[in-house]
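Here is the structure we will look at, set down as structure tokens.
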Ligand SMILES: C[S@@+](CC[C@H](N)C(=O)[O-])C[C@H]1O[C@@H](n2cnc3c(N)ncnc32)[C@H](O)[C@@H]1O
């Protein structure tokens, strides 16, 4: 190691940058890596999308449907429309959205008339993707915050008309804790999630190697079982959209419904049952402290 290399290792970061700059001035050797950050094409939404090329999960709505992004239809999602019917629409409604990923549901909620959406995203790459979408689609009533929604809900006194928890419960260490906190910030929840089903999971070689348990758990008087789920190879993709640890804990479908009731969401309606979903059994449930709208319940063939 040269004296310069040793100094670079031990100096505080500000001094390190000054040393590198002085060294470059003396030797004339500059790094040109920063020039890779420049886009020289004509400005376009695609340029912005390509900052995260290969990491998008969802397809943008018209007139951007032909841009190269992902394939999932999260900007036109039947689950959100169905939940809207059960809750009497989103017009003038305030919403706390947990884990927006690429702002697909945020966009739908604004288009459906929400007064305001506060969307909290922990993954920095997903957060920046949300900001790109916000700019491309001109979202005006959605605010994105970077951070952990559990921390947010634990410390806020704010209340929302609806809490949207789609695709997040099965990424938690303490999923019942999420439901408890959702009941603190809102009287109504939209929950879409995978759940643990012993027969289905054990019968699937693609899924069973990721699970262990059960372990007994309690959250504010609610006793239940947790099944540990390891992300394994999913952590290798830079578009990874799970939780912030190497594993999460899954609940059974029955425990999820009982947990919702335990924390006050006594009126529940279930739709979009997919026991054979490739990533594990899943369903959607809307929970409320007050009765849900019958027009949403009638003719549920959702799924
Ligand atoms: C599977 S995606 C679901 C995206 C979208 N809500 C949907 O239903 O399609 C989960 C999202 O939640 C985010 N997330 C996971 N744990 C979080 C936490 N504790 N706080 C904030 N965001 C979190 C992930 O980064 C990811 O964007």
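Checked against (1) within 14 Å of the ligand (Cβ to nearest atom); (2) free of Cβ contacts under 8 Å to residues at least 60 places away in the same chain, residue 140 passes all but condition (1). Please tell me if residue 242 is surrounded by 13 or more Cβ atoms within 10 Å (Cβ to Cβ), on the phi < 0 side of the Ramachandran plot and assigned to a loop (DSSP other than H, G, I, E, B). When the stated conditions are applied, residue 242 passes them.
Which residue out of 235, 178, 226 is buried (at least 21 other Cβ atoms within 10 Å of the Cβ) and in a helix (DSSP H, G or I)?
On inspection, the qualifying residue turns out to be 178.
Scanning the range 162-170 turns up no residue that is assigned to a strand (DSSP E or B) and either over 25 Å from residue 91 (Cβ atoms) or more than 14 Å from the ligand (Cβ to nearest atom) (or both).
Exactly one residue out of 53, 115 is without any contact (Cβ under 8 Å) to a residue 60 or more places away in the chain and in contact with a strand residue (DSSP E or B) (Cβ under 6 Å, 6 or more places away or on another chain), and it is 115.
Of the numbered criteria (1) in contact (Cβ under 8 Å) with a residue 40 or more places away in the chain; (2) within 13 Å of the ligand (Cβ to nearest atom); (3) surrounded by 18 or more Cβ atoms within 10 Å (Cβ to Cβ); (4) not in a strand (DSSP E or B), the one residue 125 fails is (3). Within the set 299, 213, the sole residue that is assigned to a strand (DSSP E or B) and at pLDDT below 95 turns out to be 213.
Hey, any hits in the range 99-107 for a residue that's away from the ligand (no atom under 11 Å from the Cβ), modelled with pLDDT of 95 or more and within 19 Å of the chain's Cα centre (by Cα)? Yes, the range 99-107 has at least one match.
Counting only helices (runs of 4 or more DSSP H) wholly contained in the range 1-116, the ones carrying 2 or more residues that are surrounded by fewer than 13 Cβ atoms within 10 Å (Cβ to Cβ) occupy 3-10, 13-27. If the condition is being within 9 Å of the ligand (Cβ to nearest atom) and either within 22 Å of residue 222 (Cβ to Cβ) or in contact with a helix residue (DSSP H, G or I) (Cβ under 7 Å, 6 or more places away or on another chain) (or both), then the range 146-161 contributes 146, 148, 149, 150, 151, 152.
In the range 262-278, is there at least one residue being within 16 Å of the ligand (Cβ to nearest atom), in a loop (DSSP other than H, G, I, E, B) and either farther than 13 Å from residue 169 by Cα or under 21 Å from the mean Cα position of the chain (by Cα) (or both)? So far as the range 262-278 goes, yes, one or more of its residues are within 16 Å of the ligand (Cβ to nearest atom), in a loop (DSSP other than H, G, I, E, B) and either farther than 13 Å from residue 169 by Cα or under 21 Å from the mean Cα position of the chain (by Cα) (or both). Could you say whether any residue in the range 248-271 is more than 25 Å from residue 87 (Cα to Cα) and surrounded by fewer than 17 Cβ atoms within 10 Å (Cβ to Cβ)? Within the range 248-271, none of the residues are more than 25 Å from residue 87 (Cα to Cα) and surrounded by fewer than 17 Cβ atoms within 10 Å (Cβ to Cβ).
Scanning the range 182-215 for residues that are surrounded by fewer than 24 Cβ atoms within 10 Å (Cβ to Cβ) and over 17 Å from residue 278 (Cα atoms) yields 183, 184, 185, 187, 212, 213, 214, 215.
The values are calculated or read from the model by the stated rules, or taken from the named source; none is laboratory data. Predicted model only: the values in this text are computed from it and were never measured. Cβ: placed from backbone, ideal geometry, glycine included. Neighbour counts: every protein chain shown.
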